[in-house]
Amino acid sequence: MISKEQILKIAKLARLNLTPEEEASFSPQFSAILDYFEQMSEVDTSDVLPMITPTEMEFHWREDQAKDWNMGKEVIEQAPEKSGNLFKVPPVVG
Amino acid sequence: MEFKNKSVFELKELLEKKTVTSVEMTKYFLDRIESLDQDLNAYIQVSDKALDEAKKADDKIQAGEKGRLLGVPVGIKDLLCTRGIQTTAASKMLEGFVPPYSATVVEKLQSEGAVVLGKLNLDEFAMGSSNENSYFGAVKNPWNKEYVSGGSSGGSAAAVAAGLAPVTIGTDTGGSIRQPASFCGVVGMKPTYGRVSRYGIVAFASSLDQAGPLSRTVKDAALISEVISGFDENDSTTSERSVPQWSASINESLKGKKVGLVKEYFESKLHESVQEQMDRAIEFVKEAGAEVVEVSLSLSRLAIPVYYMVATSEASSNLARYDGVRYGYRSNFDEKPASSLDDFYERNRGEGFGSEVKRRIMLGTYALSSGYYDAYYKKAGQIRRLLAEQFQKAFEKCDVLMGPVTATPAFKLGDRISDPLEMYLNDIFTTSANLVGIPGMSVPMGFSKEGLPVGVQLMSSSFSEQVLFDVGSALEQRADIWKGLPNGY
């Protein structure tokens, strides 16, 4: 059972504010989902190396060379707030 | 002239013979989107550059230049960055975001002369199986608007089904191309992991994500797969293997080929119309000369927990980048100043993400957190390896696996959205291919009694896509339904 306190702790770790509805519904939903996922424990996996990617690990070597990248202005354009060519953030002193 | 139920190959021929210009064809699809997409909701945004691109393609055709998709209109899932065209991932978090570069997949399509019609709706950040998680509203199923289109590439599937694009690009992390393709009655192809560059595609789960086509025909899917595949120096997980000319090598005779049926898939409860279409598919492959064998994948019953642990863990890490600093949604701090840096992040992210995205970020955060890592993330990775070994053994006995895409045809809008676990269980037959990295394809076979499409799924071993196109074509030829459009379209 995942308690509401646990839900709030996980939300804090993930840097997420939850709505009151999410706070109420996530606890029973997470409990049901994680209960179902318990089935994984039935499989004996001792000495099995976890698989982290299905790709054939190929190494692509290249020279570490600087390239021109002239998109600075377009990138700054996307900022919620900007000042000249800088990203601007509100004061967060607390 | 009508283009709505024509294949890409038919459209190419019309363009090459100069029977029609790309501008006329593009305008035809833009007009259809304008008049028919209002309640279908397949497109988030139509490109205002489409007619300019079509004009350029026409100039090239006039000048005798070649391109594998010269002048052909395509739709792009709004998860792929398109330079100068808003890319939202169907999230409030990215509303209004205009990328300064295009995904490699988009560049490859455009370098072959394709014309981008617009950006297609999806579940927010590709997280969902019904397209009901979109910030821009659900996509409806063109065959019956009370039903879901499937997800997450719901817009990509519905647009092809309704003749609002001849072909589209989707992405598939756990079935997001194949499942909506099946629900909407079109072909959906997820290539081998590493075939297609993920550069410029909004990341969900990096070890599972792969882009691919949704199309009217198997041959079209083969052509588009050829165009978008290949090594990309911007994605180190892409393979350096050469890309075969799949569309030119399709062999519909299946003599000497072995088609494997997964025992466990048929022991689960299948809807009668899914079972009926499976039975037809089995008859069809036998008719085409294939031998049918039974194989076992006992661990496939655990595909959902393994998949959701891997996918949510990777998502929690990938989506950490959305902090409201450099791009994306930012809360209003003028009215209520941030009390701390954490408060700044928590408000931006808490208001910018929808509930399903938050749920998945948090499941992943939990699976990776101290004390739970071994039981969840590590355990899932270990079972993933054992599952890959079972698939490898299965492919020693057969060339291709054939089975259902989902246990039921499309379900009604609203039916499953309130129960996340029930929604996750939709993905039982599709998630294994992503975990193992193998290619998978959904081919339309027929319709349920209610008139909803039903597809079958084909899977083969890594980098052997040709057999999917061969078997898919043999099935398509016998099912013979690809020209049909839903009523009203």
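The residue that is nearest to the other protein chains (Cβ to nearest Cβ), counting only those in segment B:196-215 that are closer than 14 Å to A:T53 by Cβ and not in a strand (DSSP E or B), is B:S207. Residue count for segment B:5-14, restricted to those that are assigned to a loop (DSSP other than H, G, I, E, B), open to solvent by 30 Å² or more (accessible area, probe 1.4 Å) and touching a Lys or Arg at 6+ places or on another chain (Cβ under 7 Å): 1.
Considering every residue within segment A:60-74, establish whether at least one is outside any loop (DSSP other than H, G, I, E, B), out of contact with any helix residue (DSSP H, G or I) (no Cβ under 7 Å at 6 or more places or on another chain) and of a type outside the set (K, R). Spell out the reasoning first.
Of segment A:60-74, the ones outside any loop (DSSP other than H, G, I, E, B) are A:72-74.
Filter once more, keeping what is out of contact with any helix residue (DSSP H, G or I) (no Cβ under 7 Å at 6 or more places or on another chain): A:72-74.
The next check asks that each one be of a type outside the set (K, R); those that pass are A:72, A:74.
Looking through segment A:60-74, at least one residue is outside any loop (DSSP other than H, G, I, E, B), out of contact with any helix residue (DSSP H, G or I) (no Cβ under 7 Å at 6 or more places or on another chain) and of a type outside the set (K, R).
Among the residues of segment B:247-267, those that are in contact (Cβ under 8 Å) with a residue 24 or more places away in the chain and either of a type in the set (K, R) or surrounded by fewer than 13 Cβ atoms within 10 Å (Cβ to Cβ) (or both) comprise B:S249, B:S253, B:K255, B:G256, B:K257, B:K258, B:K263. For segment B:15-27, does any single residue satisfy the condition of being surrounded by fewer than 19 Cβ atoms within 10 Å (Cβ to Cβ) and of a type in the set (S, T, Y)? Scanning segment B:15-27, I find at least one residue that is surrounded by fewer than 19 Cβ atoms within 10 Å (Cβ to Cβ) and of a type in the set (S, T, Y), so the answer is yes.
Within segment B:101-112, how many residues are open to solvent by 10 Å² or more (accessible area, probe 1.4 Å) and in contact with a helix residue (DSSP H, G or I) (Cβ under 6 Å, 6 or more places away or on another chain)? Number satisfying all stated conditions: 2. The set of residues from segment A:25-49 being among the hydrophobic types (A, V, I, L, M, F, W, C) and without any contact (Cβ under 8 Å) to a residue 12 or more places away in the chain comprises A:A32, A:I33, A:F37, A:M40, A:V43, A:V48, A:L49. Scanning segment B:348-369 for residues that are of a type in the set (G, A, S), part of a helix (DSSP H, G or I) and at the interface with chain A (Cβ under 7 Å from one of its Cβ atoms) gives B:G350, B:S355.
The set of residues from segment B:230-246 being farther than 26 Å from B:E291 by Cβ, open to solvent by less than 30 Å² (accessible area, probe 1.4 Å) and away from chain A (no Cβ under 14 Å) is empty.
Under the condition of being of a type in the set (V, I, T) and out of contact with any strand residue (DSSP E or B) (no Cβ under 8 Å at 6 or more places or on another chain), which residue from segment B:404-439 is farthest from B:G260 (Cα to Cα)? Steps first, answer last, please.
Of all residues in segment B:404-439, those of a type in the set (V, I, T) come to B:405-406, B:408, B:417, B:428, B:430-431, B:436, B:438.
Filter once more, keeping what is out of contact with any strand residue (DSSP E or B) (no Cβ under 8 Å at 6 or more places or on another chain): B:406, B:408, B:417, B:428, B:431, B:436.
On the way: B:T406: 17, B:T408: 21, B:I417: 34, B:I428: 18, B:T431: 18, B:V436: 17 Å.
Filtering segment B:404-439 for residues that are of a type in the set (V, I, T) and out of contact with any strand residue (DSSP E or B) (no Cβ under 8 Å at 6 or more places or on another chain), the one farthest from B:G260 (Cα to Cα) comes out as B:I417.
A search for C-beta distances below 7 Å between a residue of segment A:1-12 that is under 9 Å from B:Y366 (Cβ atoms) and any residue that is basic (K, R) and loosely packed, with under 12 Cβ neighbours inside 10 Å, counting only pairs 6+ apart in sequence or on different chains, returns nothing. Please work out if B:A181 is under 30 Å from B:D58 (Cα atoms) and surrounded by 24 or more Cβ atoms within 10 Å (Cβ to Cβ). Judged against the criteria, B:A181 is not a match. The set of residues from segment A:75-94 being facing another protein chain (nearest Cβ under 7 Å) and not in a loop (DSSP other than H, G, I, E, B) comprises A:V75, A:F87. If the condition is being under 20 Å from B:K92 (Cα atoms), in a loop (DSSP other than H, G, I, E, B), at the interface with another protein chain (Cβ under 9 Å from one of its Cβ atoms) and of a type outside the set (S, T, Y), then segment B:304-337 contributes B:D323, B:G324, B:V325, B:R326, B:G328, B:R330, B:F333, B:D334.
Which members of segment A:44-94 meet the condition of being β-branched (V, I, T), touching a Lys or Arg at 6+ places or on another chain (Cβ under 8 Å) and over 28 Å from B:S102 (Cα atoms)? Please lay out each step first, then the result.
Keep residues of segment A:44-94 that are β-branched (V, I, T), which gives A:45, A:48, A:52-53, A:55, A:75-76, A:89, A:92-93.
Restricting the remaining residues to those that are touching a Lys or Arg at 6+ places or on another chain (Cβ under 8 Å) gives A:45, A:48, A:75-76.
Listed by number, the residues that qualify are A:T45, A:V48.
Scanning segment A:18-34 for residues that are at the interface with chain B (Cβ under 7 Å from one of its Cβ atoms) and either open to solvent by 50 Å² or more (accessible area, probe 1.4 Å) or not in a helix (DSSP H, G or I) (or both) yields one hit, A:L18.
Mind listing just one residue for me: the one in segment B:20-74 that is basic (K, R), in a helix (DSSP H, G or I) and touching a residue at least 12 places away in the same chain (Cβ under 8 Å) and, of those, farthest from B:A114 (Cα to Cα)? Spell out the reasoning first.
If we filter segment B:20-74 for residues that are basic (K, R), which is where we start, we get B:27, B:32, B:49, B:55-56, B:60, B:66, B:68.
Restricting the remaining residues to those that are in a helix (DSSP H, G or I) gives B:27, B:32, B:55-56, B:60.
Retained after the next criterion (residues that are touching a residue at least 12 places away in the same chain (Cβ under 8 Å)): B:27, B:32, B:55, B:60.
Numbers: B:K27: 14, B:R32: 18, B:K55: 11, B:K60: 12 Å.
It comes out as B:R32.
Taking residues in segment B:391-404 that are closer than 18 Å to B:S473 by Cα, and partners anywhere that are of a type in the set (G, A, S) and not in a strand (DSSP E or B), the pairs with Cβ atoms closer than 6 Å and at least 6 places apart or on different chains are B:V400/B:S460.
Condition check for B:Y345 on (1) at the interface with chain A (Cβ under 9 Å from one of its Cβ atoms); (2) in contact (Cβ under 8 Å) with a residue 40 or more places away in the chain; (3) open to solvent by 20 Å² or more (accessible area, probe 1.4 Å): one failure, at (2).
Filter segment B:104-137 for residues that are closer than 20 Å to B:E34 by Cα and among the aliphatic types (A, V, I, L, M) and give the result. Selection gives B:V115, B:V116, B:L117, B:L120, B:L122.
So, in segment B:136-168, how many residues would count as being open to solvent by 10 Å² or more (accessible area, probe 1.4 Å) and either among the polar types (S, T, N, Q) or within 12 Å of the chain's Cα centre (by Cα) (or both)? Step through it out loud before you land on a result.
Step one: list which residues in segment B:136-168 are open to solvent by 10 Å² or more (accessible area, probe 1.4 Å), which gives B:136-138, B:140, B:143-147.
After this cut, where a residue has to be either among the polar types (S, T, N, Q) or within 12 Å of the chain's Cα centre (by Cα) (or both) as well, the list is B:144.
Qualifying residue count for the region: 1.
The values are calculated or read from the model by the stated rules, or taken from the named source; none is laboratory data. This structure is a prediction, so every number in the text was calculated from the model and none was measured. Cβ atoms come from the backbone with ideal geometry, glycine included; neighbour counts cover every protein chain shown. Heavy atoms of the whole protein, side chains included, go into the accessibility calculation; ligands, DNA and RNA do not. Shrake-Rupley method; radii C 1.70, N 1.55, O 1.52, S 1.80 Å.
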